[in-house]
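Here is the structure we will look at.
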Amino acid sequence: MTRYIDTERGRFGVEPICRVMDFAPSTYYARLKRAPSNRELRDNWLTVEIKRVFEDNFSVYGARKVWHKLNREGITVARCTVERLMRIHGLEGARRGKKYKTTIPDNTATRPSDLVDRNFTASRPNKLWIADLTYVRTYSARCYVAFVIDVYSRFIVGWSLATHLKTELARCS
């Protein structure tokens, strides 16, 4: 709240902002005179250490690796604190690979009707089967898996694996 007032006080003044925000001006002025809290002091110190570790490692470390490195150096800090401070300061580790979109809908295609009305329960085996398609990232490539599940027993009754997303994949054997 006080940070917002600091940025906008030149435009509107402190009292009008406080009146609109239902915030006492005396609280704002008291906050300016108060010494920083222990948490604020520690956060400022930790931010310098986090940035140092982050930059020493080519700006690719995420919160988990920064946290481990700080603890190895004897700086005891909670992982959630590292995550919070990295998020506040816009520090983000590198992600391997790229995001992959498996479903690209065709808005012109006709869609089959919902034959079970989203009721995925069955009273006996082999009464209702459902199918799904997913991908699995491997070291060398991306594999796609289509499978059919018996709703009653929740067992996979058929599956198919391929390195492509063509129609033949969905024809489980």
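At least 1 residues that are over 29 Å from the mean Cα position of the chain (by Cα) and of a type in the set (Phe, Trp, Tyr) in each: list the strands (runs of 3 or more DSSP E) lying fully within region 127-173 that qualify.
Strands (runs of 3 or more DSSP E) meeting the threshold: 129-137, 156-162.
Could you run through region 15-44 and say how many residues are of a type in the set (A, V, I, L, M) and in a loop (DSSP other than H, G, I, E, B)?
Summing the residues that are of a type in the set (A, V, I, L, M) and in a loop (DSSP other than H, G, I, E, B) in region 15-44 gives 2.
Is there any pair linking a residue in region 87-101 that is within 26 Å of residue 137 (Cβ to Cβ) to one that is part of a loop (DSSP other than H, G, I, E, B), with Cβ under 7 Å and at least six apart or on different chains, and which?
The qualifying pairs are 93/60; 93/61; 93/62; 94/60.
Restricted to region 123-171, and to residues that are of a type in the set (Phe, Trp, Tyr) and closer than 17 Å to residue 104 by Cα, which residue is modelled with the lowest pLDDT?
Among those residues, the one meeting the criterion is 135.
Taking region 47-92 as the search range and keeping residues that are assigned to a loop (DSSP other than H, G, I, E, B) and surrounded by 16 or more Cβ atoms within 10 Å (Cβ to Cβ), which one is farthest from the chain's Cα centre (by Cα)?
77
Filter region 116-129 for residues that are under 20 Å from residue 157 (Cα atoms) and without any contact (Cβ under 8 Å) to a residue 12 or more places away in the chain and give the result.
Of everything in region 116-129, just one residue is under 20 Å from residue 157 (Cα atoms) and without any contact (Cβ under 8 Å) to a residue 12 or more places away in the chain, namely 119.
The values are calculated or read from the model by the stated rules, or taken from the named source; none is laboratory data. Computed from a predicted model, the values in this text were never measured in an experiment. Ideal geometry is used to build each Cβ from the backbone, glycine not excepted, and the neighbour counts take in all protein chains shown.
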